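The values are calculated or read from the model by the stated rules, or taken from the named source; none is laboratory data. Every value quoted in this text rests on a predicted model; they were computed, and no experiment measured them. Reconstructed Cβ throughout: ideal geometry from the backbone, glycine too, with neighbour counts over all protein chains shown.
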Amino acid sequence: MTLRLAGGGRFGSLRRPQVAWAGLEGDVGPLGDLARRLTAVARSLRLTVEERPFRPHLTLGRWRAGRPADGSVVDRLADYRGPSWPVPEVALLDSHLGPAPRYDTVASWPVG
């Protein structure tokens, strides 16, 4: 699998952005397949699943609620296309958000 950063955007509105992200291009088909399989398993376990479509991305950062935010800053990434890189593994992370965010690797799987 080979990917590259391409474009960017935000989750949330321009006035109340929540997450800044960079898009992914390249071999994103397998990522979509994985997302669909994980969604099916989560539903079978009666876990809550978001209904929005999967969008392959890399989270760059988050805006803090209640603080001034400029959601247009990620518009500068619109035409960006970075170099490609090989992806050796996919990792499942547990996000612990708050004043000192932490991301713990739950599991990882080799690609290929």
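For the stretch 47-58, does any single residue satisfy the condition of being without any contact (Cβ under 8 Å) to a residue 40 or more places away in the chain, on the phi > 0 side of the Ramachandran plot and over 13 Å from the mean Cα position of the chain (by Cα)? Checked against the condition, which is being without any contact (Cβ under 8 Å) to a residue 40 or more places away in the chain, on the phi > 0 side of the Ramachandran plot and over 13 Å from the mean Cα position of the chain (by Cα), the stretch 47-58 yields no hits at all.
If you filter the stretch 69-112 down to residues that are aliphatic (A, V, I, L, M) and in a loop (DSSP other than H, G, I, E, B), you find that the one that is farthest from residue 34 (Cα to Cα) is 69. Within the stretch 1-21, residues that are in contact (Cβ under 8 Å) with a residue 40 or more places away in the chain and farther than 24 Å from residue 89 by Cβ reach partners that are part of a strand (DSSP E or B) and among the aromatic types (Phe, Trp, Tyr) with beta carbons closer than 8 Å, at six or more positions or on different chains, in the pairs 9/21; 10/21; 17/11; 18/11. Counting residues in the stretch 2-12 that are assigned to a loop (DSSP other than H, G, I, E, B) and either in contact with a Lys or Arg (Cβ under 7 Å, 6 or more places away or on another chain) or more than 26 Å from residue 111 (Cα to Cα) (or both) gives zero.
The conditions of being at pLDDT 95 or above and in a loop (DSSP other than H, G, I, E, B) are not met by residue 15.
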